[in-house]
Amino acid sequence: MTVDIRVIRAGQMYRYYLRETVVGDGRRPARIPLRVAQEQAGVPAGRWMGRGLAVLGLTPGEEVTEAQLRNLFGERGRHPYADRIEADRLAAGDSAKKAFKTGALGRRVAVTGVDFVFRPQPSIYLLWAFGDEETRLVIEATHEEPDPGARLEKRRARSREHRFARAATRQD
């Protein structure tokens, strides 16, 4: 298995996700709503995954919206529900500046994350394409095994989890 690693820089990655990745590595036509583009490409809606979701008030398996991607990976690194949080704070009488800060996730940083794409070795594609039915079934079954990203998240993302947990405790 190989892994492609791409650093997510503030303000640039949500465009990459919205234009290409969320429509199955194709190219999303301009001005086409996200769900329509995904349906046209035969790609299911993105779903929130990971162990840190509860800290953000997200539910595993919940559909990821275009606005949530823009908030989280856009230039400001905001909470996926920042628009709703900000509106609630304004309705409660907070100033616009304070309401805006409430939807922020920590401090502004240049790198907002890392994108991992796990792929089989190129020879596996050829083996599947030119192999017999039994070979293809074995390759497909192997492909359906549990997500390798879950193991990586469990072992390598601990500092992120601990930092968010401490921040959530202070805010309560």
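A few points about this structure:
- Subset of the range 86-103 [open to solvent by 40 Å² or more (accessible area, probe 1.4 Å), part of a helix (DSSP H, G or I) and among the hydrophobic types (A, V, I, L, M, F, W, C)]: Ala87, Leu90, Ala91, Ala96, Phe100
Listed here are the residues, each with its yes/no results for (1) modelled with pLDDT of 75 or more; (2) assigned to a helix (DSSP H, G or I); (3) more than 20 Å from Val22 (Cβ to Cβ).
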residue	(1), (2), (3)
Arg107	no, no, yes
Trp128	yes, yes, yes
Glu145	no, no, yes
Arg151	no, yes, yes
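- Thr112 surrounded by 15 or more Cβ atoms within 10 Å (Cβ to Cβ) and at pLDDT below 75: yes
- Residues in the range 50-82 that are free of Cβ contacts under 8 Å to residues at least 12 places away in the same chain and not small (Gly, Ala, Ser): 2 in all.
- Residue that is modelled with the highest pLDDT [pool: residues in the range 15-34 that are under 22 Å from Ala104 (Cα atoms) and open to solvent by 40 Å² or more (accessible area, probe 1.4 Å)]: Arg15
- Subset of the range 1-14 (residues that are over 18 Å from the mean Cα position of the chain (by Cα) and open to solvent by 80 Å² or more (accessible area, probe 1.4 Å)): Met1
- Subset of the range 61-105 [out of contact with any strand residue (DSSP E or B) (no Cβ under 8 Å at 6 or more places or on another chain) and under 20 Å from Leu34 (Cβ atoms)]: Thr65, Glu66, Ala67, Gln68, Leu69, Arg70, Gly74, Glu75, Pro80, Tyr81, Asp83, Arg84
The values are calculated or read from the model by the stated rules, or taken from the named source; none is laboratory data. Model, not experiment: these values are computed from the prediction. Cβ coordinates were reconstructed from backbone atoms using ideal geometry, including for glycine residues, and neighbour counts include every protein chain displayed. Heavy atoms of the whole protein, side chains included, go into the accessibility calculation; ligands, DNA and RNA do not. Shrake-Rupley method; radii C 1.70, N 1.55, O 1.52, S 1.80 Å.
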